[in-house]
Amino acid sequence: SSMAATIRSTADDVDLLVLDLVDERLGVLALPGGRYLTRSQELIESGLLGHLPPAAPHIRFGTEDHLMLWRTAARGFVELLRTAGLLERTLLIEATFASMADTGGPANRWWGEPARVWNQRYRPYHDELTSAGLRTHVIGAGAIAASDHQWGPSAYHYVDDTYRAIAETVHEMVGRSA
């Protein structure tokens, strides 16, 4: 991956690095040579999974194995941010899964599990990054699923007010670092 080199070479030009962990929900695939690939929705839809080595095991999100691998990678990522001078200019969006939709009914369950389960599953991942010094925007009670979201209804596709609150945090942080 070219991520580390890209972060180092562009750090001075970055006002704010914004990240969330939503794509982690699909786990990772173990590749030869001790490498891992996030099993993102985009990867699944690309058709590239059929071109991976057949022995590429899927390590499910929230398992002890996944958390152990992820913590090791996260610590290296935080250190990269620190040495590049980006740690204080990084914002983690804690993308709380919504239990309710804007229609007043329950939000879609993701993989058949309620929002509460997913939010608990994400907790140690978010805690790892916040304890390392990343600033966070916690969606929390603002997690209301939008029934008319452009990508369809989902527990992590929110109403506009939720995105406005995130934008306010972004503007506040950018204004502080300017």
Top positive-direction residue, dipole computed over region 41-137 with Cβ charges, set Phe97, Phe61, Leu81: Leu81
Percent accessible area from carbon and sulfur atoms, the chain, protein chains only, probe 1.4 Å: 53 percent
Mean residue ellipticity (222 nm) of the chain, computed from DSSP H runs ≥ 4 via -39,500 (n - 2.57), nearest 500: -12500 deg cm²/dmol
Region 67-122, dipole about Cα centre (Lys/Arg Cβ +1, Asp/Glu Cβ -1), debye to the nearest 20: 200 debye
Long-range amide H partners of Leu17 with built H, under 5 Å: Thr90, Leu91
Dipole moment magnitude, nearest 20 debye, region 1-121 about Cα centre, only Lys, Arg, Asp, Glu C-beta charged: 420 debye
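Can you order the peptides 22-29, 83-90 by their average number of other Cβ atoms within 10 Å per residue, highest first? Each step should come with its number before you reach the end.
On the way: 22-29: 19.1, 83-90: 16.9.
Descending mean neighbour count gives 22-29, 83-90.
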Amide H partners (placed H, <5 Å) of Ala145, local residues excluded: Met100, Ala101, Asp102
Region 23-178: relative contact order as a whole-number percent, Cα under 8 Å and 6+ apart: 20 percent
Rounded to 5, percent antiparallel among DSSP beta bridges of the chain: 45 percent
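The values are calculated or read from the model by the stated rules, or taken from the named source; none is laboratory data. Because the structure is a prediction, the values reported are computed rather than measured. As a convention, Cβ positions derive from the backbone with ideal geometry for all residues, glycine included, and neighbour counts pool all protein chains shown. Note: accessible area is taken over every heavy atom of the protein model, side chains too, but ligands, DNA and RNA are not part of it. Shrake-Rupley method; radii C 1.70, N 1.55, O 1.52, S 1.80 Å.
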